[in-house]
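Student: Take this structure first; my questions come after.
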Amino acid sequence: MRLTGFSAIEYAEKEGLTLRKKADSIDDGAEGLTVPEAEAIAIDDPELIWLDVPADEYYGEQRNMEPGTEPPVGGTPAGKRVRPNSGQKSNVQNLNTKRQGALPC
């Protein structure tokens with residue numbers, strides 16, 4: 001699947017890839033362009049910038065796109081509360097214990 005223009009630039013930025021430039025009447029084609037280089041070219045003519053991506057990667061399973069992070073293994077689903085271990089008090093329980101011991105004014 002071929003992505004062009006700013007769609008290609010956005011995908012390359014998320015995936016850490018370099019881009020290619022089609023030859024035009026002024027310059028030859030180029031490969032290994034960085035995102036800033038591609039953006040500078042795309043301002044004048046977005047269709048010159050392109051990137052080939054396997055369709056199954058582009059439309060495949062969603063994954064964490066943050067650089068330097070690994071996908072979570074196990075973990076807690078978003079919004080689910082985790083109870084502290086039975087022998088440990090939570091921060092709220094510790095705070096309530098301290099308040100109960102305080103003398104009223």
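The values are calculated or read from the model by the stated rules, or taken from the named source; none is laboratory data. Just so it is clear, the structure is predicted and the values come from calculations on it, not from any experiment. No Cβ is skipped: glycine too gets one built from the backbone with ideal geometry, and neighbour counts run over all protein chains shown.
Student: Suppose we filter the stretch 9-28 for residues that are over 23 Å from Glu57 (Cβ atoms) and out of contact with any Leu (no Cβ under 7 Å at 6 or more places or on another chain); how many remain?
Tutor: 5
Student: Any idea how many residues of the stretch 1-28 are among the hydrophobic types (A, V, I, L, M, F, W, C) and in a loop (DSSP other than H, G, I, E, B)?
Tutor: Residues in the stretch 1-28 being among the hydrophobic types (A, V, I, L, M, F, W, C) and in a loop (DSSP other than H, G, I, E, B): 4 in total.
Student: Could you list, in sequence order, the residues of the stretch 34-57 that are closer than 13 Å to Thr4 by Cβ and assigned to a helix (DSSP H, G or I)?
Tutor: Hits for the stretch 34-57 are Ala38, Ile41, Ala42, Pro46, Glu47, Leu48.
Student: Do you know which of the residues in the stretch 20-68 that are aromatic (Phe, Trp, Tyr) and modelled with pLDDT under 90 is surrounded by the most Cβ atoms within 10 Å (Cβ to Cβ)?
Tutor: Tyr58
Student: Within the group Gln100, Gln93, which residue is modelled with pLDDT under 95 and exposed (fewer than 10 other Cβ atoms within 10 Å of the Cβ)?
Tutor: On the way: Gln93 fails: exposed (fewer than 10 other Cβ atoms within 10 Å of the Cβ).
Being modelled with pLDDT under 95 and exposed (fewer than 10 other Cβ atoms within 10 Å of the Cβ) holds for just one of Gln100, Gln93, which is Gln100.
Student: Report whether or not Glu31 is part of a helix (DSSP H, G or I), out of contact with any Ser or Thr (no Cβ under 6 Å at 6 or more places or on another chain) and not hydroxyl-bearing (Ser, Thr, Tyr).
Tutor: no
Student: To continue, here is another question. Only residues that are surrounded by 12 or more Cβ atoms within 10 Å (Cβ to Cβ) and of a type in the set (Gly, Ala, Ser): list them for the stretch 1-19, please.
Tutor: The answer is Gly5, Ser7, Ala8, Ala12.
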